[in-house]
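Asker: Provided herewith is a single structure, encoded as structure tokens, for subsequent inquiry.
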Amino acid sequence: MLQVYVNGKYYDKDKAVVSVFDHGLLYGDGVFEGMRSYNGKVFRLEDHIKRLYESARSVWIDIPMTQEEMCKATNDTLALNQIQNGYIRLVVTRGSGTLGLDPRKCSNPSVIIITDSIALYPDELYQNGLEMVTAATIRTSPAMLSPRVKSLNYLNNIMAKIEGIQAGCDEALLLNQNGEVAECTGDNIFIVKDGVLMTPPLVAGILGGITRQTVIELAKKAGIEVQETAFTRHDIYSADECFLTGSAAELIPVVKLDMRPIGTGKPGDVTWKLIKLFKELVNG
Ligand code: PMP
């Protein structure tokens, strides 16, 4: 049976539990990471752990282990479950407290590591591209809570996801307070126009995606011009290509936004090239 790490111990997956007084459950008070392993090795593990600790620091959670210990616990959990190509969910909650908000009443943050498999979208969408709609829900403003904090409170994203599902789409686009493109419910977004790769900057109010960073690096290495620049839906409607990035989704083409075909309405050459480079990187 799958073994789940909870506060330094391993439990069968149906016995891995946290308290109903855990503020992660009561208030979404916690942070998390989602990562992938390829051939038994976690992709960009140190970057994910660094982001986890930055998220925790930002919300004043003191994780009771070092980043090195967290890396080791992640690798150990993966090895124990003999997972080669899988998905890892790392969760740190504020811990068990009282029914009030006061984080000082929570004694110890809970650390949970789950390793499993994940298939976010059917294969067909990786071949033909997915369709999206723009959500009326605006991405949480950095003035409220920075989207760079990967917190356990994902209701903003879930509200947008529901809009996408109700419109018959698998993903939804979120704009920021200024009406600029931010990101999707669980992925960053890229467009290609006249051979230039563009993605919103971190100041647009987005999660600093590790796949996003990987794609920027791969593109630059391949001689593709990359611009981290603010843009609007007009730029997507008139783009040649569009794709999304995320640890779970990897790279997936987008062929329609708000019922308008993007470019030829089929995944484009730059997208295919980056997908190929990404696959080579993670498997090599
Ligand atoms: N944006 C959001 C809102 C996310 O939840 C995620 C991760 N699922 C991403 C972007 C992509 O980040 P990463 O590439 O680090 O997985």
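The values are calculated or read from the model by the stated rules, or taken from the named source; none is laboratory data. Here the structure is a predicted model, which is why all the values come from computation and not from measurement. Note: areas computed on protein heavy atoms with side chains; ligands, DNA, RNA excluded. Shrake-Rupley method; radii C 1.70, N 1.55, O 1.52, S 1.80 Å.
Asker: Sorted by accessible area with a 1.4 angstrom probe, largest first, how do 110, 58 fall? Intermediate values should be presented prior to the final figure.
Answerer: Working: 110 10, 58 80 Å².
The ranking, largest first, comes out as 58, 110.
Asker: Let me make sure I get this right: for segment 12-86, a, b and c are the square roots of the gyration tensor eigenvalues over alpha carbons, sorted descending. Under 1.5 in a/c it's rounded, otherwise prolate if a/b > b/c, else oblate. Which is it?
Answerer: Note, shape of segment 12-86 comes out oblate.
Asker: Enter the angle in degrees (range 0 to 90, nearest 10) between the Cα long axis of helix 210-221 and the first principal axis of the Cα atoms of the chain, meaning the one along which they spread out most.
Answerer: Relative to the chain, helix 210-221 is tipped by roughly 40 degrees.
Asker: How far is helix 67-80 tilted, in degrees, relative to the longest principal axis of the Cα atoms in the chain, given as a value from 0 to 90 rounded to the nearest 10?
Answerer: 90 degrees
Asker: Normalised by the residues of segment 149-243, what does the relative contact order come to in percent, with Cα pairs under 8 Å and at least six apart?
Answerer: Numbers: 126 pairs, mean separation 25.2, N = 95.
Over segment 149-243, the number comes to 27 percent.
Asker: Let me ask you something else. Kindly report, to the nearest 10 Å², the accessible surface of residue 155 as traced by a 1.4 Å probe over protein heavy atoms only.
Answerer: Surface open to solvent at residue 155 totals about 100 Å².
Asker: Report relative contact order for segment 3-116 in percent, whole number only (criteria: Cα-Cα under 8 Å, sequence separation at least 6).
Answerer: Details: 204 pairs, mean separation 41.5, N = 114.
Taking the mean separation of contacting Cα pairs over the length of segment 3-116, I get 36 percent.
Asker: Using only Cα atoms and rounding to the nearest 10 degrees, what angle (0 to 90) does helix 155-166 make with the longest principal axis of the chain?
Answerer: The angle comes out near 50 degrees.
Asker: May I ask you to evaluate 6.51 cos²θ - 1.76 cosθ + 1.60, the Karplus curve with θ = phi - 60°, for each residue of segment 183-190 and list the ³J(HN,Hα) values in order in whole Hz, giving x for glycine and proline?
Answerer: Result, rounded to whole Hz: 6, 9, 5, x, 8, 8, 10, 10.
Asker: Still on this structure, please answer the following. So what J values fall out for segment 24-32 if you push phi through Karplus, 6.51 cos²θ - 1.76 cosθ + 1.60 with θ = phi - 60°, rounded to Hz, Gly and Pro as x?
Answerer: Working through the residues one at a time gives x, 7, 5, 9, x, 8, x, 9, 8 Hz.
Asker: Could I ask something else about it? Is there a pair in 9/72; 220/276; 50/105; 161/276; 256/279 whose C-alpha atoms are over 22 Å apart, and which pairs would that be? It would help to have the intermediate numbers written out before the result.
Answerer: Values: 9/72 13 Å; 220/276 15 Å; 50/105 26 Å; 161/276 28 Å; 256/279 24 Å.
Result: 50/105; 161/276; 256/279 exceed 22 Å.
Asker: Right, next: For 98, 134, what's the largest-to-smallest order of accessible area, 1.4 Å probe?
Answerer: Listed by decreasing accessible area, they come as 98, 134.
Asker: Taking H as built 1.01 Å from N, whose amide H comes closer than 5 Å to the amide H of residue 257, not counting residues under 5 places away?
Answerer: Answer set, sorted by chain and number: 132, 262.
Asker: Now for a different question. Please give the Cα centre distance for segment 215-248 versus segment 50-124, rounded to the nearest Å.
Answerer: Here the two parts' Cα centres lie 29 Å apart.
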